[in-house]
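**Q** My questions all concern the structure below.
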Amino acid sequence: MLSADTLTRIALDLQRGNSHRERFEQLIQSVRQLFRSDASALLRYNRGTFIPLAIDGLSPDVMGRRFLVSEHPRLEAIARAGDVVRFPPDSDLPDPYDSLIARLDHLHVHACMGIPLLSEEVLIGALTIDGLNPSQFDGFDDQDLGVIGALASAALANALLLEQMASDPHGTANPPVRQIAAATGEGEMIGTSAAMQQLRSEIGVVAGTDLNVLILGETGTGKELIARAVHAGSARRASPLVYLNCAALPESVAESELFGHVKGAFTGAIHNRTGKFELAHQGTLFLDEIGELPLSLQAKLLRVLQYGDLQRIGDDSQRKVDVRVIAATNKDLKAETVTGQFRADLYHRLSVFPLHAPSLREHCEDIPLLTGFFLERWRGTMGLNTLSIDQDTLEALAARPWHGNVRELEHVLRRAAVLARAEQGEKAVIHEHHICPGDRQPVAGHAPLAAQPENLREMSLKDATDAFQRTMISKAVDDCDGNWAGAARRLALNPGNLHRLALRLGLK
């Protein structure tokens with residue numbers, strides 16, 4: 001039975017610290033000291049997913065992982081139990097932390113417990129505790145664990161409430177928006193660095209307004225994710241967020257894409273077409289790579305922004321639209337207004353509230369979290385029991401320049417995961433030789449391959465072809481300073497075809 005002094009100390013520990021993160025970490029430290037555990041984690045539950053808030057004894061990339069309950073039987077058992085769960089030391093259920101405990105390649109027979117965290121009988125999280133000694137926790141009864149769970153539940157529920165009040169003081173947001181963060185999937189911005197916290201803060205400031213936003217940043221920094229976050233935090237979130245890549249539009253069809261056309265307006269116009277602005281009515285239009293928009297269309301775009309009306313091609317009537325515009329570019333548009341490549345009046349209309357998308361070099365401390373996020377997502381899609389990364393290799397990733405930013409990191413890790421699976425099977429660990437297979441110099445006179453011949457033997461033809469195409473496209477984009485239209489010309493591809501290929505390959 002836990003003493004009153006011990007419980008008082010833990011309760012006081014949960015009141016210390018300047019942030020929820022510090023208090024959660026203090027809780028995990030208290031758990032380690034109390035149970036002599038080798039690994040523990042505090043997880044938040046959100047729509048079928050457990051999200052780590054604090055960990056001890058686990059690889060740092062665990063903080064970026066998003067554990068789908070349906071894919072992890074032990075976590076599913078904890079989520080369904082409603083009370084303390086003790087797993088037999090020789091349980092056949094796979095452990096979600098297998099290969100993720102620091103300095104341990106594989107979890108054999110071990111002690112494992114889980115405590116569901118409830119608020120008003122609703123699951124809000126879990127506390128997991130692991131020990132390498134199978135009898136590690138035999139001296140603690142379920143009542144002790146229940147008390148610890150109650151303290152952790154209260155701390156987590158309080159944190160959720162305070163976060164909700166801070167992000168939505170008037171209580172107007174939909175429930176999903178009021179969560180600490182997105183649950184999982186494509187739309188979450190991963191990172192706890194100062195740069196990412198600053199970005200989230202700025203998004204919080206501008207999202208609730210109706211100002212136009214210009215997102216500035218290098219290629220591969222996640223500008224579309226920022227646009228989605230702005231839209232999700234706005235009063236327009238129930239209306240559509242419409243996406244248009246300006247670089248993928250041939251000038252001959254760009255006006256029709258933006259503003260629409262009527263039947264018979266030109267050869268091939270056999271039906272009326274609704275443009276992106278009308279599709280985004282009462283919602284948000286995201287214009288990616290706005291710097292590629294032809295000058296001839298910039299004046300027409302400016303009119304829509306100024307007066308809220310547009311004219312379909314071939315139509316004499318004006319149509320009113322209510323649209324918020326978020327634009328993004330990797331160009332220096334301010335400099336281009338001086339050279340006449342971009343209209344100054346349009347630039348000022350778009351850049352009412354600029355947001356800076358930090359390069360990966362500006363928040364390299366988030367690389368472990370990003371790595372964990374990608375690996376856990378691919379583990380399921382690749383049919384692997386475990387997919388992890390060697391700690392030395394994880395540390396080495398932070399030393400790379402990452403000119404392609406998060407997108408480059410994602411592609412490097414995806415290729416490494418394919419190679420590791422081919423080499424090791426269902427329990428794959430990424431090592432440095434999987435990360436750097438293409439770092440050797442290519443033979444003179446030949447195009448660089450995405451992987452060396454010995455690695456190609458371990459890949460399917462499709463994987464090897466995709467890797468080669470990613471390398472060629474990434475190099476062309478880099479050589480053109482992130483200009484996709486220029487990359488299309490260099491690769492002798494139609495810009496629209498390059499855009500679709502880049503989407504399929506995960507380059508956009």
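The values are calculated or read from the model by the stated rules, or taken from the named source; none is laboratory data. Treat the numbers as computed from the prediction; the structure is a model and nothing was measured. When we count neighbours, we look across all protein chains shown, and the Cβ atoms used for this are built from the backbone with ideal geometry, even at glycine.
**Q** Quick one: which of SER40, SER70 is closer than 14 Å to ALA152 by Cα, of a type outside the set (Val, Ile, Thr) and at pLDDT 85 or above? So that I can check it myself, show each step before the final result.
**A** Working: SER70 fails: closer than 14 Å to ALA152 by Cα.
One residue alone meets the criteria, SER40.
**Q** Assigned to a helix (DSSP H, G or I), in contact with an Asp or Glu (Cβ under 6 Å, 6 or more places away or on another chain), in contact (Cβ under 8 Å) with a residue 24 or more places away in the chain and not charged (D, E, K, R), is that true of ALA247?
**A** Details: assigned to a helix (DSSP H, G or I): yes; in contact with an Asp or Glu (Cβ under 6 Å, 6 or more places away or on another chain): yes; in contact (Cβ under 8 Å) with a residue 24 or more places away in the chain: yes; not charged (D, E, K, R): yes.
Here the answer is yes, as ALA247 does meet what is asked.
**Q** Cβ contacts < 7 Å: first residue under 18 Å from ALA154 (Cα atoms) and in the same structural domain as ALA102 (by TED's automatic domain parsing), restricted to segment 126-144; second residue assigned to a strand (DSSP E or B) and polar (S, T, N, Q), any location; separation 6+ or different chain. Result?
**A** Partner pairs satisfying both residue conditions: THR128/SER40.
**Q** Now for a different question. Regarding segment 236-246, can at least one residue be identified that is surrounded by fewer than 17 Cβ atoms within 10 Å (Cβ to Cβ) and among the small types (Gly, Ala, Ser)?
**A** Yes, that holds for at least one residue.
**Q** Within segment 77-117, can you find the residues that are of a type outside the set (D, E, K, R) and loosely packed, with under 14 Cβ neighbours inside 10 Å?
**A** Quick first cut of segment 77-117, residues of a type outside the set (D, E, K, R) only: 77-79, 81-82, 84-85, 87-89, 91, 93-94, 96-97, 99-102, 104, 106-117.
Within segment 77-117, GLY82, PRO88, HIS106, HIS108, VAL109 qualify.
**Q** Scan segment 250-287 for residues that are in a strand (DSSP E or B) and crowded, with 16+ Cβ neighbours inside 10 Å and jot them down.
**A** First, the residues of segment 250-287 that are in a strand (DSSP E or B): 260-261, 273-274, 284-287.
Answer for segment 250-287, where residues must be in a strand (DSSP E or B) and crowded, with 16+ Cβ neighbours inside 10 Å: GLY260, HIS261, ARG273, THR284, LEU285, PHE286, LEU287.
**Q** Also: Looking only at segment 362-387, filter to residues that are touching a residue at least 12 places away in the same chain (Cβ under 8 Å) and of a type in the set (Ser, Thr, Tyr); which one of those is surrounded by the fewest Cβ atoms within 10 Å (Cβ to Cβ)?
**A** Among those that are touching a residue at least 12 places away in the same chain (Cβ under 8 Å) and of a type in the set (Ser, Thr, Tyr), it is THR386.
**Q** Across segment 12-29, which residue is modelled with the highest pLDDT among those that are in contact with a Leu (Cβ under 8 Å, 6 or more places away or on another chain) and surrounded by 14 or more Cβ atoms within 10 Å (Cβ to Cβ)? Steps first, please.
**A** To start, the set of residues in segment 12-29 that are in contact with a Leu (Cβ under 8 Å, 6 or more places away or on another chain) comprises 13-14, 20-21, 23-24, 26-28.
Next, only the ones that are surrounded by 14 or more Cβ atoms within 10 Å (Cβ to Cβ) stay: 13-14, 20, 23-24, 26-28.
Values: ASP13: 69, LEU14: 71, HIS20: 82, ARG23: 85, PHE24: 89, GLN26: 88, LEU27: 89, ILE28: 92.
Step by step, filter segment 12-29, then rank; the result is ILE28.
**Q** Which ones in segment 40-82 are of a type in the set (D, E, K, R), part of a helix (DSSP H, G or I) and more than 15 Å from the chain's Cα centre (by Cα)? Write out each step before concluding.
**A** Taking segment 40-82 first, the residues of a type in the set (D, E, K, R) are 44, 47, 56, 61, 65-66, 71, 74, 76, 80.
Then drop every residue that is not part of a helix (DSSP H, G or I), which leaves 61, 71, 74, 76, 80.
Within segment 40-82, GLU71, ARG74, GLU76, ARG80 qualify.
**Q** A further question follows. Go over the candidates GLY217, GLY233, GLY208 one by one and state the one that is within 27 Å of GLY340 (Cα to Cα), under 22 Å from the mean Cα position of the chain (by Cα) and not assigned by TED's automatic domain parsing to the domain that holds GLU365. First the steps, then the outcome.
**A** Working: GLY233 fails: within 27 Å of GLY340 (Cα to Cα); GLY208 fails: within 27 Å of GLY340 (Cα to Cα).
Being within 27 Å of GLY340 (Cα to Cα), under 22 Å from the mean Cα position of the chain (by Cα) and not assigned by TED's automatic domain parsing to the domain that holds GLU365 holds for just one of GLY217, GLY233, GLY208, which is GLY217.
**Q** With respect to GLU120, is the statement that it is exposed (fewer than 15 other Cβ atoms within 10 Å of the Cβ) and either closer than 22 Å to ILE389 by Cα or assigned by TED's automatic domain parsing to the domain that holds ALA152 (or both) true? Can you show your working first?
**A** On the way: exposed (fewer than 15 other Cβ atoms within 10 Å of the Cβ): yes; either closer than 22 Å to ILE389 by Cα or assigned by TED's automatic domain parsing to the domain that holds ALA152 (or both): yes.
So GLU120 fits the description; yes.
**Q** Right, here's the next one. Just for segment 310-347: of the residues that are loosely packed, with under 15 Cβ neighbours inside 10 Å and among the acidic types (Asp, Glu), which one is modelled with the lowest pLDDT?
**A** Checked segment 310-347; the qualifying residue modelled with the lowest pLDDT is ASP316.
**Q** Just to be sure I understand, how many residues within segment 206-243 are closer than 26 Å to THR274 by Cβ and in a loop (DSSP other than H, G, I, E, B)? Working first, answer last.
**A** Going residue by residue through segment 206-243, those that are closer than 26 Å to THR274 by Cβ are 210-215, 223-224, 227-228, 230-232, 234-243.
Okay, now just the ones that are also in a loop (DSSP other than H, G, I, E, B), so 210-212, 234-240.
Residues meeting the conditions: 10.
**Q** Just a yes or no: is a residue in segment 222-234 at pLDDT 95 or above, aliphatic (A, V, I, L, M) and under 25 Å from ILE313 (Cα atoms)?
**A** Looking through segment 222-234, none of the residues is at pLDDT 95 or above, aliphatic (A, V, I, L, M) and under 25 Å from ILE313 (Cα atoms).
**Q** Going residue by residue through segment 55-67, is there one that turns out to be crowded, with 19+ Cβ neighbours inside 10 Å and on the phi > 0 side of the Ramachandran plot?
**A** Yes - at least one qualifying residue is present in segment 55-67.
**Q** Quick check on segment 352-361. Is at least one of its residues touching a strand residue (DSSP E or B) at 6+ places or on another chain (Cβ under 7 Å) and either small (Gly, Ala, Ser) or surrounded by 19 or more Cβ atoms within 10 Å (Cβ to Cβ) (or both)? Steps first, please.
**A** Step one: filter segment 352-361 for residues touching a strand residue (DSSP E or B) at 6+ places or on another chain (Cβ under 7 Å), giving 353-357.
From the residues that got through so far, the ones that are either small (Gly, Ala, Ser) or surrounded by 19 or more Cβ atoms within 10 Å (Cβ to Cβ) (or both) too are 355, 357.
Yes; the residues of segment 352-361 include at least one that is touching a strand residue (DSSP E or B) at 6+ places or on another chain (Cβ under 7 Å) and either small (Gly, Ala, Ser) or surrounded by 19 or more Cβ atoms within 10 Å (Cβ to Cβ) (or both).
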